[in-house]
Amino acid sequence: EAPTNSSSSQDATAAAAAAAAAAAAGAATEQPAPAPRTNMMPRLQSKFCRKCGGSMAIVQPQGDAQWRHVCNSCGYIDYFNPRMVVGCVVEHEGKILLCKRAIEPCKGLWTIPAGFMEIGESSAAGAERETYEEAYARVQVLSQYAHWDIPVIGQAYILFRAKLASPFTFSAGPESLEVELFDPASIPFDQIAFSSVSITLRHYLQVTGSTQLIAKCQLWCSFAI
């Protein structure tokens, strides 16, 4: 039987135990790294507390990586989160439904029917509602089509593919000056209200086969997506 070195074995065991103890102690005392701050100090959006009516201030609460609206009196934190815009790319007999805006921003320019999602509705239901409000058009949502995040203005867009539904009529709602079905070749890209809509329409025409039109269009975006 080969001899063993008991002293070396004991030394190795003791060293391993010491290393394990040191690692455990380090894990117990080490504090997790703070979450990165993802935004700069925002402008004050609300001057008064919705709970007690006290004045609000922009504060970074302890343990929070974000700046928050905090009441100076009761400490209530009023959270401001991104807003969801929902709408439809409506197609009928190869044409796209567009609305000329009657309100600012971008009054007089064309866009797809879209607007802010309401509490109590799904994104698809909100897109259908906005289409009816702006174009008095009943639509059938087919699928989700595009999702654009626009952090610089605190908005996210969810846009759906849709088709006109019975009775297949449309007209200008209170937020529209005109509503019209456009052939792909006649869409007024130089008069589209929002870059997100322009990008969506170009991509839509590209994937539906209108590649010649896309080749003539210069893709650009005036904000960070």
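The values are calculated or read from the model by the stated rules, or taken from the named source; none is laboratory data. A quick note: this is a predicted structure, and the numbers were derived from the prediction, not measured. Glycine also receives a Cβ, built like all others from the backbone with ideal geometry; neighbour counts cover every protein chain displayed.
Looking at the stretch 131-161, which of its residues are in contact with a Gly (Cβ under 9 Å, 6 or more places away or on another chain) and either under 19 Å from SER198 (Cα atoms) or loosely packed, with under 12 Cβ neighbours inside 10 Å (or both)?
Passing the criteria: THR131, GLU134, ALA135, TYR157, ILE158, LEU159, PHE160.
Consider SER196 carefully, then state whether it is buried (at least 18 other Cβ atoms within 10 Å of the Cβ) and modelled with pLDDT under 95.
yes
Looking only at residues that are of a type in the set (Lys, Arg) and modelled with pLDDT of 95 or more in the stretch 74-121, which one is surrounded by the fewest Cβ atoms within 10 Å (Cβ to Cβ)?
So in the stretch 74-121, the residues of a type in the set (Lys, Arg) come out as 83, 95, 100-101, 107.
Now restrict to residues that are modelled with pLDDT of 95 or more: 95, 100-101, 107.
Working: LYS95: 16, LYS100: 19, ARG101: 19, LYS107: 12.
If we take residues in the stretch 74-121 being of a type in the set (Lys, Arg) and modelled with pLDDT of 95 or more, then LYS107 is surrounded by the fewest Cβ atoms within 10 Å (Cβ to Cβ).
So that you can scan it fast, the table gives a plain yes or no per residue for (1) in a helix (DSSP H, G or I); (2) farther than 18 Å from GLY108 by Cα:
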site: ARG161; (1), (2): no, yes
site: THR169; (1), (2): no, yes
site: ALA185; (1), (2): yes, yes
site: SER198; (1), (2): yes, no
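Run down LEU181, LEU142 and say which single residue is part of a strand (DSSP E or B) and touching a Leu at 6+ places or on another chain (Cβ under 7 Å).
Values: LEU142 fails: touching a Leu at 6+ places or on another chain (Cβ under 7 Å).
Within the list LEU181, LEU142, the selection yields LEU181.
Go through the stretch 41-64 and give me each residue that's under 24 Å from the mean Cα position of the chain (by Cα) and either surrounded by 14 or more Cβ atoms within 10 Å (Cβ to Cβ) or over 15 Å from ASN81 (Cβ atoms) (or both).
MET41, ARG43, LEU44, ILE58, GLN60, ASP64
Under the condition of being polar (S, T, N, Q) and over 18 Å from the mean Cα position of the chain (by Cα), which residue from the stretch 117-141 is farthest from GLU91 (Cα to Cα)?
Among those residues, the one meeting the criterion is THR131.
For the stretch 142-176, give me each residue that is within 15 Å of TYR204 (Cβ to Cβ), touching a residue at least 24 places away in the same chain (Cβ under 8 Å) and over 18 Å from the mean Cα position of the chain (by Cα). So that I can check it myself, show each step before the final result.
Looking only at the stretch 142-176, we keep the residues that are within 15 Å of TYR204 (Cβ to Cβ), and these are 142-148, 157-163.
Filter again for touching a residue at least 24 places away in the same chain (Cβ under 8 Å), leaving 145-146, 148, 157-163.
Selection gives ALA162, LYS163.
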